[in-house]
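J.: Handing you a structure now.
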Amino acid sequence: MKEFVKLNQISKAFGGTRALSGVSFGINQGAVHAIVGENGAGKSTLMKILMGILKPDSGQILLDDSPVSILDPVRARQLGFGIVFQEIVLCPNLSITENLFLGSELSTAGIVNRKEMKRQGREALEQVQLKLDPATPVASLPVAQKQMVQIARAVLYKPRLLIFDEPTSALSSESVDSLFKIIRRLKQEKVTVLYISHKLEEIFEIADEVTVLRDGIHIDTLPIREVSEQKLVQMMVGRELDLSSRRSEVKSGEVLLKVDGLCGEGFESVSFEVKAGEIVGIAGLVGSGRSELVETIFGVRPAAKGKIFLGQDDITTQSVAGRARKGMALVPEDRQFAGLVFTMALKQNLALPGVVIGWKELGGKLITNKRETAFAEEAMRKLRIVANGPNAEVSSLSGGNQQKAVIGKWLSLKPKLFMLDEPTRGIDVGSKAEIHNLVRELANQGRALLIVSSELPELLALADRILVMREGRMMGELCGERACEEEILRLAVATIPEKEKGLWQTPN
Amino acid sequence: MADSKLRSVQSFFGRHREISVALILGLELLVFYIILRRPGRPSTFINAENLILIFKYSGIYGIAAIGASMIIISGGIDLAPGAVIALTTVVTGFLFISLNLPLPAASFLGLMVGLCSGLMAAFLVTVIKLPPFIATLGVMGVSRGLAFIITQGQTLDLSAKFSDNISLFGVNNQYWPGILMVALALVFHLFMVYTAWGRQIHAVGGNEVAAYFSGVKVRRIKVFVYLVGGILASLGGVLIAIVHGQGRADIANGYELDIIAASVVGGASLSGGKGSVLGAVLGSLIFGVLRNGLSQITGLTFYERLIVGVVVVVIVIIDQLTVKKEGRAV
């Protein structure tokens with residue numbers, strides 16, 4: 001195989017921080033090349049350099065052995081570089097076709113050529129196996145299909161190198177399979193794929209070769225079959241991590257949370273209990289009502305029927321603040337949307353729930369800068385939040401540290417029941433291990449934990465019991481020996497025959 | 001080195017917006033002092049009488065800007081203050097002249113105009129879920145309309161019934177707009193910075209959903225800011241009625257935009273979450289000084305609006321240059 005793209009001593013610094021220092025490696029033609037590394041390792045910077053969004057301070061990019069300078073995104077596209085972003089960057093109000101051609105509409109003499117756009121759009125959709133009318137408005141599509149539209153948009157320009165940046169962070173596990181099918185097809189068509197992901201199991205499934213970055217330094221590039229998962233993690237974090245140990249001993253106490261016949265938007269007749277000292281997981285496909293359930297338990301959504309008890313208290317009609325005061329906390333699924341206030345400094349975000357409920361250590365309803373700073377610094381220390389001090393803007397934090405901040409908001413209030421919705425989605429492997437350890441530690445202290453996650457290995461590693469939901473109903477409970485991926489999937493997708501278990505059958 | 005020094009200066013002004021606004025105000029005073037200087041004779045600009053005049057006029061804007069900036073910080077906008085001020089002068093005047101109520105009673109009932117308009121805006125925003133721009137546009141139209149209906153276009157002359165130089169607590173009425181502005185600015189500034197409610201107003205403006213997930217009673221916060229905004233605008237109206245002795249339906253026309261401009265100059269972000277009550281009041285003073293100074297320069301009458309417009313834009317541009325920008329790569 002010959003090297004299609006070669007990076008030679010690429011360096012890039014932002015202010016005082018070096019994002020990349022002297023990174024050199026090659027990407028083989030037609031390979032699926034994975035890039036792994038913790039947040040802040042320099043993956044995004046590297047990608048942006050390839051796409052012409054950032055310019056390297058020094059170094060060279062060779063394409064087919066001849067040096068190229070990628071001055072802007074237009075040049076990158078001309079060279080045949082395409083990218084699929086992690087976030088959905090589509091205009092929801094426009095149709096699929098309009099999104100596909102956004103900013104580069106086909107036109108003759110200024111008049112948009114709808115027919116040709118529709119034809120090419122249909123072709124691109126076929127390539128990603130999305131059987132949809134190109135006139136469908138994007139707003140009506142589920143997340144997985146939106147992601148496919150983004151891939152179609154990249155494919156439209158017949159790229160020779162296609163970059164996937166954390167493409168599965170918004171996808172449920174069965175949608176991932178469909179994505180991999182598309183990637184394999186692209187590979188057959190001689191497209192070189194650069195695949196960036198935190199999820200190592202995906203990398204072992206799809207990648208041919210892997211490059212590890214750490215703190216902006218190139219650690220190694222090697223064929224995937226020459227490396228074990230353990231070894232890869234070690235290269236990424238520079239130390240050994242244990243991601244898969246179940247707690248050896250579970251000491252559960254009295255019932256802390258009791259949900260009785262609860263109905264709400266997206267789920268019905270749900271009953272279960274969580275005891276003090278227990279870690280309970282909730283599994284299910286995206287759209288199975290898991291998030292709606294925990295949000296209703298926390299009071300951000302109204303309950304239509306049924307009762308919620310925290311300890312002995314019936315809290316069904318209490319406000320969010322009332323529940324928080326009684327010792328409940330929820331780390332929401334979407335930390336950007338529901339977790340952080342980006343106009344406020346880190347310390348103010350960390351103190352927000354405490355301020356709302358009049359937490360004594362913060363001085364009740366009157367806020368003093370000194371108390372608030374001390375309060376925030378303690379949370380930062382406890383969770384090892386890496387930030388430029390308590391006054392840092394939250395947008396300057398990495399994804400993992402933002403998530404730790406959302407956890408920190410509530411942790412300082414010492415909740416009895418801590419609910420975490422997708423606590424490690426899209427964050428680096430180091431932060432993930434820290435959050436897992438924290439969850440175990442909290443349970444050992446006698447708190448009750450309720451964890452929603454789309455990552456089955458995570459639930460299997462953490463939870464003492466796993467509740468499985470499907471289409472708004474509780475399908476069953478698995479504990480100990482019986483909890484395995486196959487069993488969870490069987491409950492989560494039971495009625496769907498194996499061969500159709502593709503992307504488009506996701507119940508939504 | 002120079003870069004880091006610049007950055008620390010920027011972050012200082014970013015965190016203490018009031019100081020940079022105060023500096024601009026000081027600079028403005030200096031410029032007008034120099035322009036209006038008459039060698040050998042006392043200044044017509046920097047003297048007690050003129051400064052009292054500036055405070056008297058700015059006070060109305062400043063008091064309303066306190067409420068407006070709180071609404072803007074909460075992520076809303078208020079287009080009603082001008083109309084609410086007018087309706088308040090009319091209601092106060094009507095009660096005082098036609099119904100012969102004593103002035104304190106008429107003034108108190110005048111404040112109810114703001115309470116009602118604030119409630120109406122809050123209802124439209126929190127229950128009907130109209131965008132604040134539309135909701136307060138409606139309140140503005142209704143208030144202005146009611147003022148015209150009550151007066152039938154006539155001016156209510158309260159001053160005819162006043163004894164000479166009426167005063168409250170022994171303080172001449174001319175001073176009250178300035179005194180109230182300063183006092184309320186301090187009270188509400190401390191409220192916004194040091195109380196849980198103030199913090200929650202900031203949180204709602206910054207990210208309503210995250211605030212809600214943190215236990216903030218978002219609806220209650222919004223009702224509160226629109227009520228405060230309405231009542232403070234009404235207080236401005238009562239002051240006009242007393243100090244200027246007039247109740248008129250077409251008074252305070254266009255004040256709402258001046259008030260919003262003062263809030264923005266004072267550091268408020270129209271996308272919510274950021275701003276300063278003290279900054280908004282200083283912003284009102286900047287405009288008060290500007291109008292006062294320009295009116296003393298002969299031949300500038302027709303240029304006044306143009307200059308005010310340019311100054312708003314220039315101040316906001318200067319602000320964007322001096323305040324530390326978020327360090328994003330792209």
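The values are calculated or read from the model by the stated rules, or taken from the named source; none is laboratory data. Computed from a prediction, not measured in an experiment: that's the story for all the values here. Positions of Cβ are backbone-derived with ideal geometry, glycine not excepted, and every protein chain shown enters the neighbour counts.
J.: So, restricting to helices (runs of 4 or more DSSP H) that lie completely within the stretch A:276-367, which ones have at least 3 residues that are outside the structural domain of A:E487 (by TED's automatic domain parsing) and either of a type outside the set (V, I, T) or free of Cβ contacts under 8 Å to residues at least 40 places away in the same chain (or both)?
T.: Counting at least 3 such residues, we get A:346-357.
J.: Got a sec? Which helices (runs of 4 or more DSSP H) wholly within the stretch A:1-111 have at least 1 residues that are free of Cβ contacts under 8 Å to residues at least 12 places away in the same chain, of a type in the set (S, T, N, Q) and more than 13 Å from every other protein chain (Cβ to nearest Cβ)? Steps first, answer last, please.
T.: Values: elements: A:43-50, A:73-78, A:96-100.
Qualifying helices (runs of 4 or more DSSP H): A:73-78.
J.: If you don't mind, another one. How about the stretch A:452-469: which of its residues are assigned to a loop (DSSP other than H, G, I, E, B), farther than 21 Å from A:S252 by Cα and over 18 Å from the mean Cα position of the chain (by Cα)?
T.: Result: no residue meets the conditions.
J.: Based on this model, can you work out whether A:F309 counts as of a type in the set (A, V, I, L, M, F, W, C), within 14 Å of chain B (Cβ to nearest Cβ) and surrounded by fewer than 22 Cβ atoms within 10 Å (Cβ to Cβ)?
T.: The answer is no for A:F309.
J.: While we're looking at this one, here's another question. Which of the following residues is within 11 Å of chain B (Cβ to nearest Cβ) and modelled with pLDDT under 95: A:R290, A:R335, A:R323?
T.: Of A:R290, A:R335, A:R323, the one residue that is within 11 Å of chain B (Cβ to nearest Cβ) and modelled with pLDDT under 95 is A:R335.
J.: Right, here's the next one. How about the stretch A:166-187: which of its residues are closer than 18 Å to A:T424 by Cβ and among the charged types (D, E, K, R)?
T.: Result: A:E166, single match.
Residue-wise test of (1) at pLDDT 95 or above; (2) within 14 Å of chain A (Cβ to nearest Cβ); (3) buried (at least 24 other Cβ atoms within 10 Å of the Cβ).
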{"position": "B:Y175", "(1), (2), (3)": "no, no, no"}
{"position": "B:L180", "(1), (2), (3)": "yes, no, no"}
{"position": "B:A183", "(1), (2), (3)": "yes, no, no"}
{"position": "B:L186", "(1), (2), (3)": "yes, no, no"}
{"position": "B:G205", "(1), (2), (3)": "yes, yes, yes"}
{"position": "B:V218", "(1), (2), (3)": "yes, yes, no"}
{"position": "B:V223", "(1), (2), (3)": "yes, no, no"}
{"position": "B:Y226", "(1), (2), (3)": "yes, no, yes"}
{"position": "B:G229", "(1), (2), (3)": "yes, no, yes"}
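J.: Moving on to the next point. Which of (1) on the phi < 0 side of the Ramachandran plot; (2) crowded, with 22+ Cβ neighbours inside 10 Å; (3) in contact with a helix residue (DSSP H, G or I) (Cβ under 8 Å, 6 or more places away or on another chain) is the odd one out, the single condition A:L46 does not satisfy?
T.: (3) is the only condition that A:L46 fails.
J.: Looking only at the stretch A:166-196, how many residues end up being over 21 Å from A:G80 (Cα atoms) and touching a strand residue (DSSP E or B) at 6+ places or on another chain (Cβ under 7 Å)?
T.: So the count comes out to 0.
J.: Now for a different question. Testing B:V193 on (1) away from every other protein chain (no Cβ under 14 Å); (2) of a type in the set (V, I, T); (3) under 21 Å from the mean Cα position of the chain (by Cα), one condition comes back false. Which one is that?
T.: (1)
J.: Residues being part of a helix (DSSP H, G or I) and of a type in the set (G, A, S): count how many of those fall in the stretch B:212-230.
T.: Count: 2.
J.: Would you confirm, using the coordinates I've provided, whether A:Q9 is surrounded by fewer than 19 Cβ atoms within 10 Å (Cβ to Cβ) and polar (S, T, N, Q)? Even if it seems obvious, please write down each step before you answer.
T.: On the way: surrounded by fewer than 19 Cβ atoms within 10 Å (Cβ to Cβ): yes; polar (S, T, N, Q): yes.
When the stated conditions are applied, A:Q9 passes them.
J.: Same structure again: Tally the residues that are among the aliphatic types (A, V, I, L, M), more than 7 Å from chain B (Cβ to nearest Cβ) and surrounded by 23 or more Cβ atoms within 10 Å (Cβ to Cβ), restricting the search to the stretch A:338-355.
T.: So the count comes out to 3.
J.: Go through the stretch A:86-101 and give me each residue that's farther than 15 Å from A:R119 by Cβ and crowded, with 22+ Cβ neighbours inside 10 Å.
T.: Taking the stretch A:86-101 first, the residues farther than 15 Å from A:R119 by Cβ are A:86-94, A:99.
Of everything in the stretch A:86-101, just one residue is farther than 15 Å from A:R119 by Cβ and crowded, with 22+ Cβ neighbours inside 10 Å, namely A:N99.
J.: Please enumerate the residues belonging to the stretch A:131-170 that are free of Cβ contacts under 8 Å to residues at least 60 places away in the same chain and of a type in the set (A, V, I, L, M, F, W, C).
T.: Scanning the stretch A:131-170 gives A:L132, A:A135, A:V138, A:A139, A:L141, A:V149, A:A152, A:L156.
J.: Within the stretch A:376-413, how many residues turn out to be more than 13 Å from every other protein chain (Cβ to nearest Cβ), more than 18 Å from B:A211 (Cβ to Cβ) and not in a loop (DSSP other than H, G, I, E, B)?
T.: Total meeting the criteria: 13.
J.: Looking only at the stretch A:470-508, how many residues end up being part of a loop (DSSP other than H, G, I, E, B) and at pLDDT 85 or above?
T.: The qualifying residues number 2.
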